[in-house]
Amino acid sequence: MADFLDIRGLTKHFGGILAVEDLSLSVAQGTVLGIIGPNGAGKTTVFNLITGVYPPSEGELLLEGQSLAGLPPHTIVQRGVARTFQNIRLFRNLTVRQNIVTALDLRQKPYSLAQALLCNPPFVESPVKAGERALRERAMTYLELVGIEAQADRRADNLPYGLQRKLELARALALEPKLLLLDEPAAGMNPDESMELCALIRSIQRQLSLTVLVIEHHMDLVMELCDRLCVLSFGKKLAEGTPAEIQSDPAVLKAYLGEGWVRA
Amino acid sequence: MTYLKGIAILAMINAISAVGLAVFTGFTGMMSLGHAAFMAVGAYTCAIATKTFGLPFLLALPLAGLVAGLSSLLIGIPTLRANLRSDYFTIATLGFGEAMRVLLENLTITNGARGMAGLKNHSTFGVTLAVLVLVIFFAKNFVFSRYGRMAIAIREDPVAAELSGIGLFPVRLRSMFFSAVCAGIGGALMAHHIRFIQPSMFTGVQSTLLTATVVAGGMGSLTGPVLAAFLFAFVPELLRVADMWRLVAYGALLVAIIVLRPQGLMGYRELSLRRPSGRRRAPNG
Ligand SMILES: Nc1ncnc2c1ncn2[C@@H]1O[C@H](COP(=O)(O)OP(=O)(O)OP(=O)(O)O)[C@@H](O)[C@H]1O
Ligand SMILES: [Mg+2]
């Protein structure tokens, strides 16, 4: 049986740079895979390839047996893939709540363009106003899920950094994905905050039975959160296995974790 | 009085085109330097329909909007599908505007560079005001809906928008079509206000003025560009400057707004009767 996500011989070059080289990877449904590796290893590029930001130079990407390679990002999102970004990308001038509502539009289409244009007089109840109200209410459930409902009416770019990351997570969840890609979700957080985020991601992942790919440099979080790990170095897969296996893999220790690394 | 009325009509006509362009520029984040072309298409469509084919004005006016909208597909489909970098897109619109002017100068039905004279005065104060109110109504319904929200998402961050399931091409094309319809209607009203049109009225200068009106009015605002359209029409008149100096007055006003209020008169806000400070957040909130 084919795995949930199947990456075969994935390669991407940017001019002369081989960002990802002949990467093969299988991810089972409902598991968390961590992707680790030094800076410039090609981790974010793998996410960009899965989500269609760039087409692969070579190789195949299969989600539940269906090819994603060459599809535009918005189609890939419809297939059930959502992600967050290493450099936060929010709709900055919108409120926190409207950031979520924007994502909800993918699955909920409460009214048509004709209704929006013609059947929405001011001060009178209309399908548009009812639809918008429903969307705003639904958005709150996602804000509650990550615990930022109190910030609903603030402008997204006025949020502190850590909460912006949580908002990005909530927006990705609002797309109701099957596969969630998190690019350094704990970047810029202190150890306490990152362990709290780890628990949050775990609980959401179980609750929604999501398959998660996570890129992260916080080793404690990675070891705690992930069922399996894939180590990238210079675009190639260096090792793959359970966190325990990776921790004791001599090649990994040498290339990435450094000699004297011990689990905190 | 008729003098003031004339300026007010001109201001409203510019406001109609500016509201349309606000949807494209202020809400979808696309810069155009060719929207005078759509005004031209609307103006000529309406003039030919009424003068050459004897169509009633109230039929010719929506027709002008429709034809202008369709003409926007000519430039919109290839450039927006190719997802050009934004500056390249803007240059493409500039080229389109020039091409349209040259085309109008060389067609027989448009009477070439001499233009069309003797048009009837249909753009009364009442008609223009009614059209402006309608255009604002539609624009407001558009930007306050999920369709406007998709456009705003693209303006805020195209990559994040795409990865929220929003296709860039259809949304941008829809906004462009809407803005072209408004520009076409504005052009048609202009034709029947000035009662004479020729291709040289629809140059890059006119396009630039339209975009300047939207930028000065404020990105992400509908009422801002309306306000700016009135300012740009009345301030040079109040100063009673003529011809060349009028353009200098425009320029000075624009520079003053950009320096004093970089976000535009009403950036990301709307004038609202309910809260006088304009603090209402929607459609961005
Ligand atoms: N759009 C691009 N154009 C050219 N080169 C790129 C592009 N995107 C990534 N690269 C290059 O590909 C390589 C891998 O980059 P990538 O961002 O995937 O690394 P990463 O593992 O995510 O690193 P980090 O831990 O710093 O985020 C780098 O050498 C980078 O410079
Ligand atoms: Mg990265």
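The values are calculated or read from the model by the stated rules, or taken from the named source; none is laboratory data. The structure displayed is predicted, hence computed values, not measured ones. Heads up, the Cβs are rebuilt from the backbone with ideal geometry, glycines too, and the neighbour counts pull from every protein chain shown. For the accessible areas, the whole protein counts, side chains as well, though only heavy atoms, and no ligand, DNA or RNA atoms are used. Shrake-Rupley method; radii C 1.70, N 1.55, O 1.52, S 1.80 Å.
Among the residues of the range A:194-228, write down those that are outside any helix (DSSP H, G or I), modelled with pLDDT of 95 or more and hydrophobic (A, V, I, L, M, F, W, C).
A:210, A:212, A:213, A:214, A:215, A:226, listed by residue number.
Taking into account only those residues within the range A:18-28 that are surrounded by 15 or more Cβ atoms within 10 Å (Cβ to Cβ) and away from ligand 1 (no atom under 15 Å from the Cβ), which is farthest from the other protein chains (Cβ to nearest Cβ)?
A:26
Are any of the residues in the range A:191-199 surrounded by fewer than 21 Cβ atoms within 10 Å (Cβ to Cβ) and touching a Ser or Thr at 6+ places or on another chain (Cβ under 7 Å)?
Looking through the range A:191-199, none of the residues is surrounded by fewer than 21 Cβ atoms within 10 Å (Cβ to Cβ) and touching a Ser or Thr at 6+ places or on another chain (Cβ under 7 Å).
Among the residues of the range A:229-247, are any within 16 Å of ligand 2 (Cβ to nearest atom) and in a loop (DSSP other than H, G, I, E, B)?
Looking through the range A:229-247, at least one residue is within 16 Å of ligand 2 (Cβ to nearest atom) and in a loop (DSSP other than H, G, I, E, B).
Of the numbered conditions (1) more than 16 Å from ligand 1 (Cβ to nearest atom); (2) in contact (Cβ under 8 Å) with a residue 60 or more places away in the chain; (3) surrounded by fewer than 20 Cβ atoms within 10 Å (Cβ to Cβ), residue A:124 fails exactly one; give the number of that condition.
(2)
Just checking, how many residues over the range A:29-75 are outside any loop (DSSP other than H, G, I, E, B) and either within 16 Å of ligand 2 (Cβ to nearest atom) or crowded, with 17+ Cβ neighbours inside 10 Å (or both)?
Residues that pass the stated criteria total 19.
Looking at the range A:166-189 only, could you name the residues that are within 15 Å of ligand 2 (Cβ to nearest atom) and out of contact with any helix residue (DSSP H, G or I) (no Cβ under 8 Å at 6 or more places or on another chain)?
If the condition is that a residue be within 15 Å of ligand 2 (Cβ to nearest atom) and out of contact with any helix residue (DSSP H, G or I) (no Cβ under 8 Å at 6 or more places or on another chain), then A:168, A:184 are the ones that fit.
Quick one: is residue A:92 within 14 Å of chain B (Cβ to nearest Cβ) and open to solvent by 40 Å² or more (accessible area, probe 1.4 Å)?
yes
Can you name the number of the only condition in (1) within 11 Å of chain B (Cβ to nearest Cβ); (2) open to solvent by 40 Å² or more (accessible area, probe 1.4 Å); (3) assigned to a helix (DSSP H, G or I) that residue A:141 fails?
Condition not satisfied by residue A:141: (1).
Are any residues in the range B:259-278 surrounded by 11 or more Cβ atoms within 10 Å (Cβ to Cβ), modelled with pLDDT of 80 or more and away from every other protein chain (no Cβ under 14 Å), and if so, which ones?
B:261, B:265
Residues A:18, A:23: which one is in a strand (DSSP E or B) and touching a Leu at 6+ places or on another chain (Cβ under 6 Å)?
Only one candidate passes the filter, namely A:23.
Here are some residues: B:38, B:27. Which one is closer than 24 Å to residue B:102 by Cβ and at pLDDT 95 or above?
Result: B:38 is the single residue among B:38, B:27 that is closer than 24 Å to residue B:102 by Cβ and at pLDDT 95 or above.
Pick from the range A:76-88 the residues that are of a type outside the set (D, E, K, R) and within 16 Å of ligand 2 (Cβ to nearest atom): which of them is most open to solvent (accessible area, probe 1.4 Å)?
A:87
Which of the residues spanning the range A:235-248 are out of contact with any helix residue (DSSP H, G or I) (no Cβ under 9 Å at 6 or more places or on another chain) and either within 14 Å of chain B (Cβ to nearest Cβ) or within 13 Å of ligand 1 (Cβ to nearest atom) (or both)?
Those that are out of contact with any helix residue (DSSP H, G or I) (no Cβ under 9 Å at 6 or more places or on another chain) and either within 14 Å of chain B (Cβ to nearest Cβ) or within 13 Å of ligand 1 (Cβ to nearest atom) (or both): A:236, A:237.
When both residues are 6+ apart or on different chains and their Cβ atoms are under 8 Å apart, which pairs have a first residue that lies in the range B:138-152 and is facing chain A (nearest Cβ under 7 Å), and a second that is surrounded by fewer than 24 Cβ atoms within 10 Å (Cβ to Cβ) and of a type in the set (Ser, Thr, Tyr)?
These pairs meet every condition: B:145/A:111; B:146/A:111.
List the helices (runs of 4 or more DSSP H) inside the range B:149-240, counting only whole elements, that have at least 3 residues being within 18 Å of residue B:10 (Cα to Cα) and touching a Ser or Thr at 6+ places or on another chain (Cβ under 7 Å).
Filter on the range B:149-240 gives B:168-194, B:204-217, B:223-238.
With touching a residue at least 40 places away in the same chain (Cβ under 8 Å) and within 16 Å of ligand 1 (Cβ to nearest atom) as the only criterion, which of A:165, A:228, A:171 stands out?
Selected residue: A:165, the only one of A:165, A:228, A:171 that is touching a residue at least 40 places away in the same chain (Cβ under 8 Å) and within 16 Å of ligand 1 (Cβ to nearest atom).
With (1) over 23 Å from residue A:44 (Cβ atoms); (2) not assigned by TED's automatic domain parsing to the domain that holds residue A:66 as the list, and residue A:192 as the residue in question, which single condition is left unmet?
(2)
What are the pairs with Cβ atoms under 6 angstrom where one residue, in the range A:23-43, is assigned by TED's automatic domain parsing to the domain that holds residue A:207 and at positive phi and the other, located anywhere, is open to solvent by 10 Å² or more (accessible area, probe 1.4 Å) and more than 16 Å from ligand 2 (Cβ to nearest atom)? Sequence gap at least six, or different chains.
A:30/A:209
If you take the residues of the range A:107-121 that are part of a loop (DSSP other than H, G, I, E, B) and within 8 Å of chain B (Cβ to nearest Cβ), which of them is farthest from residue A:82 (Cα to Cα)?
A:120
Considering (1) among the charged types (D, E, K, R); (2) assigned to a helix (DSSP H, G or I); (3) away from chain B (no Cβ under 14 Å); (4) more than 18 Å from the chain's Cα centre (by Cα), say which one residue A:166 fails and leave the rest.
Among (1) among the charged types (D, E, K, R); (2) assigned to a helix (DSSP H, G or I); (3) away from chain B (no Cβ under 14 Å); (4) more than 18 Å from the chain's Cα centre (by Cα), the lone unmet condition for residue A:166 is (4).
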